[in-house]
Amino acid sequence: MKLFATAEDYEAWTQTEAPDGIDRLLTLASSWVRDAVKRASFRVDRDGNPTDETVAAALRDATCEQAYVWHANGIEPGKTQERGPVASSSIGDASITYETGSVAAERALLASALAPSALAILDGHDLVWGQPWVR
């Protein structure tokens, strides 16, 4: 499987230390980015690497961004997502912490689709095409 980013790329992109499991996140993110650009047209070398440095950088950055979004939101794609506490209410000594419906829906989307910020990186470099070319 072709990886578009390394742990070092992730650290440079996020300006943070790579988390445990970064190789898994980058492998999955590379796969999702590859799927998003499957209709794009760009030159590659014998090993399948983009020959245009701008394209390679966009694929790398989108991959790092996707892994960052997953990590920042506590999402592990392919695993059952646990509900996380994001809101709380208390009366006296009793309190309850819960996840709101909108946050749960957003987490579910982030676990099943390319993050909007990663998609924007690809789209900004004309690597996301809505329809295949028909001749």
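The values are calculated or read from the model by the stated rules, or taken from the named source; none is laboratory data. Everything quoted here is computed from the prediction, not taken from an experiment. With ideal geometry, Cβ positions are generated from the backbone for all residues, glycine too; neighbour counts draw on all protein chains shown. For the accessible areas, the whole protein counts, side chains as well, though only heavy atoms, and no ligand, DNA or RNA atoms are used. Shrake-Rupley method; radii C 1.70, N 1.55, O 1.52, S 1.80 Å.
For segment 4-51, filtered to residues that are under 14 Å from Leu122 (Cβ atoms) and charged (D, E, K, R), the residue that is surrounded by the fewest Cβ atoms within 10 Å (Cβ to Cβ) is Asp35.
Hey, among the residues in segment 52-80 that are assigned to a helix (DSSP H, G or I) and surrounded by fewer than 15 Cβ atoms within 10 Å (Cβ to Cβ), which one's modelled with the lowest pLDDT?
At the first step, the residues of segment 52-80 found to be assigned to a helix (DSSP H, G or I) are 53-72.
Okay, now just the ones that are also surrounded by fewer than 15 Cβ atoms within 10 Å (Cβ to Cβ), so 53-54, 72.
Details: Glu53: 97, Thr54: 97, Ala72: 93.
So the residue we want is Ala72.
Reported count of residues in segment 1-51, each being part of a loop (DSSP other than H, G, I, E, B), free of Cβ contacts under 8 Å to residues at least 24 places away in the same chain and under 16 Å from Glu76 (Cα atoms), is 2. Considering (1) in a helix (DSSP H, G or I); (2) modelled with pLDDT under 95; (3) open to solvent by 80 Å² or more (accessible area, probe 1.4 Å); (4) not acidic (Asp, Glu), the lone condition that Arg107 does not fulfil carries the number (3).
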